[in-house]
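This report concerns only the one structure given below.
The values are calculated or read from the model by the stated rules, or taken from the named source; none is laboratory data. Since this is a predicted model, take the numbers as computed values, not measurements. Because the Cβ atoms are built from the backbone with ideal geometry, glycine has one as well, and the counts that use them run over all protein chains shown. Remember, those area values only see protein heavy atoms, side chains included, never the ligands or the DNA or RNA. Shrake-Rupley method; radii C 1.70, N 1.55, O 1.52, S 1.80 Å.
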Amino acid sequence: MSRPPGRKQENHKISRELFVLTYGALVAQLCKDYEKDEDVNTFLDRMGYGIGVRLIDDFLARSAVKKCRSYSETADMIAQVAFKMYLGVTPSVSCNNTAGNEFSLILDKNPLVDFVEELPAERASLCYCNLLCGVIRGALEMVHLTAEVTFLQDRLKGDAVTEIGITFLRKAEDRKHKR
Amino acid sequence: MADEALFLLLHNEMVAGLYRAAEQGEGENGRCTTKLESMGFRVGQGLIERFTKDTARFKDELDIMKFICKDFWTTVFRKQIDNLRTNHQGIYVLQDNKFRLLTQMSAGKQYLEHAPKYLAFTCGLIRGGLSNLGIKSIVTAEVSSMPACKFQVMIQKM
């Protein structure tokens, strides 16, 4: 039984396509169930949160990275290690403000929308990849970092690139020293 | 591999999310299984198209079922179907002794009543794959002891 040499890579590609196709079917189903875009977005975000709180274990087990010492290290970790591991792309990271707690991940290639050409006209404010926001938020929360994650730009809505904004919120550190 | 974890988590969240939404208001429980199955159907159709782009034409029904059991199952679940039985009259039973979507749930009878929810998507996956290979079928699943499960495929003569 001889197989062409590229088979393993093909299989790897196909299992990623399984995820992308499943996600697409999920969004399509949600669009049928909910009329308002905000409801779909909220559902996706909540699902993403549920995935993120579990995915972080898998990520830490696989990557065995050391503890991040700063917000910018964390953002780099998400972009260069996590995204690469799970989606096969490496977004570029940029810091948005001087306080050092707002970052942007810029994706010029988003595998989740591989099979999506455009959003339907009546779904103009649908955040197709909102799951990613929930995943990042959930994962960060499990390592004791609260953050707000939203889409700043979305290629599906006509912007040039897809940009995810992560804003790290200050932890309530003063609570620790209560007497 | 990393992709597997992602799909597993997405699948589990999908099941949980849909059932949670059903509890909170719209629709009866039975609809959730149908929704999951139809999602699986759509995914199965798409997947089989991309998968069989370069493969040779299948000789007959049995050949197609063997393809599903070996190549398709290996790509999606990283293992083959353990046992394929047929009565040569259009009924096939695919037995997987360690179904990937159930291994994390339990190793026996615990949570047995929840198992069917997690099998609906895969039933749709098989039905969708067969549909795009020209076979119309009905796929059901049964579990008696996790993580082993059986998928029964009934071919419908058109």
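The chymotrypsin sites (Phe, Trp or Tyr not before Pro) of region B:66-126 meeting both criteria, a DSSP state outside H, G, I, E and B (loop) and at most 14 other C-beta atoms within 10 angstrom of the site's C-beta, are B:111. Screening chain B for whole DSSP H helices with an alpha carbon extent of at least 20 angstrom along the helix axis and a mean Kyte-Doolittle hydropathy of at least -1.0 yields B:2-24, B:29-51. Loop-located trypsin sites (Lys or Arg not before Pro) across region A:104-149 with a Cβ neighbour count of 16 or fewer within 10 Å are A:109, with loop assigned by DSSP. In this Cβ point-charge picture (+1 for Lys and Arg, -1 for Asp and Glu), region A:36-168 has a dipole of about 580 debye about its Cα centre. The distance between label points at residue A:99 and residue A:65 comes to 2.3 nm (points 7 Å beyond Cα on the Cα→Cβ vector).
Taking the charge dipole of region A:36-168 about its Cα centre, with +1 at Lys and Arg Cβ atoms and -1 at Asp and Glu Cβ atoms, the residue from A:140, A:92, A:60 reaching farthest to the positive side is A:60. For chain A, the longest piece that avoids every one of the GluC sites (Glu not before Pro) found in DSSP loops with at most 12 other C-beta atoms within 10 Å covers A:36-116.
Here residue A:32 is the anchor, and the lysines within straight C-alpha reach of less than 26 Å, apart from those fewer than 8 places off in the same chain, are A:157, B:35, B:117, B:136. Look at the Cα gyration tensor of region B:4-155: its axes a ≥ b ≥ c give a/c of at least 1.5 with a/b over b/c, and that counts as prolate. Each Cα pair under 8 Å and six or more residues apart adds its separation to the average, and for chain A the resulting relative contact order is 24 percent.
Near residue B:105, within a Cβ-to-Cβ distance under 15 Å, what is the net charge of the other residues, with Lys and Arg +1 and Asp and Glu -1? Within the 15 Å Cβ shell, the charges total +2.
Check the straight Cα-Cα distances from residue A:109 and name the aspartates and glutamates below 20 Å, setting aside those fewer than 8 residues away within the same chain. Once the sequence-local aspartates and glutamates are set aside, what remains near residue A:109 is A:10, A:17, A:76, A:117, A:118, A:154, A:159, A:163, B:3. Among A:63, A:104, A:72, B:144, the order of accessible area from largest down is B:144, A:72, A:63, A:104, computed with a 1.4 Å probe on protein heavy atoms. Computed from the alpha carbon atoms alone, the convex hull of the protein assembly as shown holds 181 Å³ per residue. For the protein assembly as shown, with only Lys/Arg (+1) and Asp/Glu (-1) charged at the beta-carbon, what is the dipole magnitude about the Cα centre, in debye rounded to 20? Roughly 1240 debye for the protein assembly as shown. Working from label points 7 Å from Cα in the Cα-to-Cβ sense, the residue A:161 to residue A:121 distance is 3.2 nm.
Loop exposure criterion: GluC sites (Glu not before Pro), DSSP state outside H, G, I, E and B, at most 11 other Cβ atoms within 10 Å. Applied to chain B, the longest stretch between such sites is B:29-158.
Once the Cα-Cα distance is subtracted from the 0.36 nm per residue extended length, the residue B:112 to residue B:4 segment shows a gain of 36.6 nm. Shape class for region A:1-138: oblate, because the ratio a/c of the largest to smallest gyration tensor axis (alpha-carbon atoms, square roots of eigenvalues) is 1.5 or more and b/c is at least a/b. Angle of helix A:130-142 to the longest C-alpha principal axis of chain A, folded into 0 to 90 degrees and rounded to 10: 40°. Over all other residues within a Cβ to Cβ distance under 12 Å of residue A:96, the charged ones net out to -2, with Lys and Arg as +1 and Asp and Glu as -1. Remark: region B:4-155 carries a charge dipole of roughly 280 debye about the Cα centre, counting +1 on each Lys and Arg Cβ and -1 on each Asp and Glu Cβ.
Using alpha carbons only, how many angstrom separate the centre of region B:122-158 from the centre of region A:95-121? Their Cα centres are 38 Å away from one another. Applying the criteria of a DSSP loop state and at most 14 other Cβ atoms within 10 Å to the trypsin sites (Lys or Arg not before Pro) of region B:72-102 yields B:78, B:79, B:98. Less than 5 angstrom separates the built amide H of residue A:147 from those of A:169, all sequence-distant by 5 or more or on a different chain.
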